[in-house]
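S.K.: Before we start, here is the structure in question, set down as structure tokens.
The values are calculated or read from the model by the stated rules, or taken from the named source; none is laboratory data. Since this is a predicted model, take the numbers as computed values, not measurements. Counting neighbours? That spans all protein chains shown, and the Cβs are built from the backbone with ideal geometry, glycine included. In case anyone asks, the SASA skips ligands and DNA or RNA and just uses the protein heavy atoms, side chains included. Shrake-Rupley method; radii C 1.70, N 1.55, O 1.52, S 1.80 Å.
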Amino acid sequence: MLNKMKILMVATLGFLWGCNNDVDQLMLKGEPGEYKFTNAELSNRFVDESLVHRFQVTSNYQGSKAQLECVYLGDLGLISQDTIILYLHGNAPNMDDYWQRAADFANIGGQHRFGVMMFDYRGFGNSEGKTEHIKTMLADVDACMLWLKEHGLTQDRLLLYGHSLGTMPAAEANAFSDVMRTPWMVLEAPQTTDDVLLQDATGSLSLSATYVTDFGYDIPSALGEFQKHFLWIHGTADDVASYPNMLHVYEGYKNPLKDAVIVEGAGHEVVDEMGFEPWESKMLELLRK
């Protein structure tokens, strides 16, 4: 079955390449959807619904502007005092798919101990525009960090957390953002580069991703620019983001402030398999540094 899937992927990439199309939109699963953001949609670890705030921010990439849908969990008046977690979600249609995770963040160390912000990238959920490459994603992150900054946040109180697709702009923002550079970065189930993503999808095919996509992300390169507290979380059985490839990157990364949580046998949704309490403990340990 796996070989058939790889053959199908190679054929698909060949068709797209031959037609001079780009595979970015094949990789990105964003689509419109309803936002509920209520306790009725949570199975556990609830939130105070009066502290759930929906709003929009304007993302601007070289004059191309888009209104992004956002949600903030916490007291807006305390952004100037609280530690804030900015969560960059994975490759699902919209952030409603990550509502339980947002609530989990809001319950770390006690209910609403930390403020939590989540948003949809361009073309995800009801956010305008289209995610074209890593630079538009960085513009989206910058827009959210600018909103937090305008509400009183300073960069020494911001934790940037990326999951799966979200690890790409998280690493990029921590290395290159003009708005904020944060003291803590968490990458959960990250891929390494778009070349590796293509090779994972096609087996041993030695083909540069530049032939079929201009997405242009490179987490190892971005990590080299980040020298503060870095936590990597990965499952050894992840069949979406290669554990051996990322392990090679992590071991070669010389920052003494790095740490890792490796969950044996866990797949791409590694934190779900890890469990809330061990994950919460690790997050609190990181935030105390």
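S.K.: Bin all alpha-carbon pair distances of the range 38-109 at 10 Å intervals from 0 and give each bin's fraction as a whole percent.
M.R.: Histogramming the range 38-109 at 10 Å steps yields 17, 47, 29, 7, 0 percent.
S.K.: Say a paramagnetic label sat at a point 7 Å from the Cα of residue 78, along Cα to Cβ; which residues of the range 269-284 have their backbone N under 20 Å from it?
M.R.: So the set is 280-281, 283-284.
S.K.: So how do 122, 157, 113 rank on accessible area, 1.4 Å probe, biggest first, that is with the largest at the start? Kindly include the intermediate steps, with their values, before the conclusion.
M.R.: On the way: 122 10, 157 30, 113 115 Å².
From most accessible down to least: 113, 157, 122.
S.K.: Next up: Hey, what do the phi angles of the range 100-117 turn into as Karplus ³J(HN,Hα) couplings, whole Hz, using 6.51/-1.76/1.60 and θ = phi - 60°, x for Gly and Pro?
M.R.: In residue order, the calculated couplings are 5, 5, 4, 5, 4, 4, 6, 10, 5, x, x, 5, 6, 5, 10, x, 9, 10 Hz.
S.K.: If you roll a 1.4 angstrom probe over the protein chains with everything in place, what fraction of the accessible area of the range 218-277 belongs to carbon and sulfur, to the nearest %?
M.R.: Details: 1450 of 2870 Å².
The computed percentage sits at 51.
S.K.: Pop the C-beta distance of residue 149 and residue 62 into the FRET formula with R0 = 25 Å and round what comes out to the nearest 0.05.
M.R.: Working: r = 21 Å, r/R0 = 0.84.
After rounding, the FRET efficiency stands at 0.75.
S.K.: How many Å² of accessible area per residue for the range 221-289, probe 1.4 Å? Present the calculation step by step, with values, prior to reporting the outcome.
M.R.: Numbers: 3380 Å² over 69 residues.
Solvent-accessible surface per residue comes out at 49 Å².
S.K.: Using a cut-off of 14 Å between beta-carbons, work out the net charge of the residues near residue 80 (Lys and Arg +1, Asp and Glu -1, residue 80 not included). Don't skip to the end; give the middle numbers.
M.R.: Values: positive: 149, 157; negative: 75, 82, 150, 156.
Neighbour charge sum, excluding residue 80 itself: -2.
S.K.: A further question on this structure: Quick check: net charge around residue 264, other residues with Cβ under 14 Å of its Cβ, Lys/Arg +1 and Asp/Glu -1? Before the final figure, lay out each step's value.
M.R.: Numbers: positive: none; negative: 238, 273.
With Lys, Arg at +1 and Asp, Glu at -1, the net is -2.
S.K.: Could you list, in their original order, any pairs among 130/289; 65/282; 149/254; 254/282; 130/254; 29/254 whose Cα atoms are separated by more than 32 Å?
M.R.: On the way: 130/289 37 Å; 65/282 37 Å; 149/254 30 Å; 254/282 21 Å; 130/254 36 Å; 29/254 34 Å.
Pairs exceeding 32 Å: 130/289; 65/282; 130/254; 29/254.
S.K.: Further, regarding this structure: Along each principal axis of its Cα atoms, how long is the range 86-130 end to end? Whole angstroms, biggest number first, please.
M.R.: Here the spans come out as 36, 15, 13 Å, largest first.
S.K.: Please compute the Kirkwood hydrodynamic radius over the range 250-289, one decimal place, Å, based on all pairs of different Cα atoms. Don't skip to the end; give the middle numbers.
M.R.: On the way: mean 1/r = 0.0861 Å⁻¹.
Hydrodynamic radius (Kirkwood, Cα pairs) of the range 250-289 is 11.6 Å.
S.K.: Where Lys and Arg each count +1 and Asp and Glu each count -1, what net charge lies around residue 92 among other residues with Cβ under 12 Å from its Cβ?
M.R.: On the way: positive: 29, 101; negative: 31, 96, 97, 120, 269.
That sum, taken over residues with Cβ under 12 Å, equals -3.
S.K.: Still on this structure: Tell me, what are the semi-axes, in whole angstrom and largest first, of the equivalent ellipsoid of the range 21-176 as set by the roots of 5 times the Cα gyration tensor eigenvalues? Display every interim value, and only then the final one.
M.R.: On the way: eigenvalues 115, 66, 35 Å².
For the range 21-176, the ellipsoid semi-axes come out as 24, 18, 13 Å.
S.K.: Return the distance in nm (one decimal) between the two label points of a simple spin-label model at residue 42 and residue 128, each offset 7 Å from Cα along Cα→Cβ.
M.R.: The modelled label-to-label distance comes out at 3.2 nm.
S.K.: For the range 109-165, compute Rh as the Kirkwood radius over C-alpha pairs and then the Stokes-Einstein diffusion coefficient at 25 °C and 0.890 mPa s; write the answer in µm²/s, rounded to an integer. Before the final figure, lay out each step's value.
M.R.: Values: Rh = 12.9 Å.
Answer from the Stokes-Einstein relation: 190 µm²/s.
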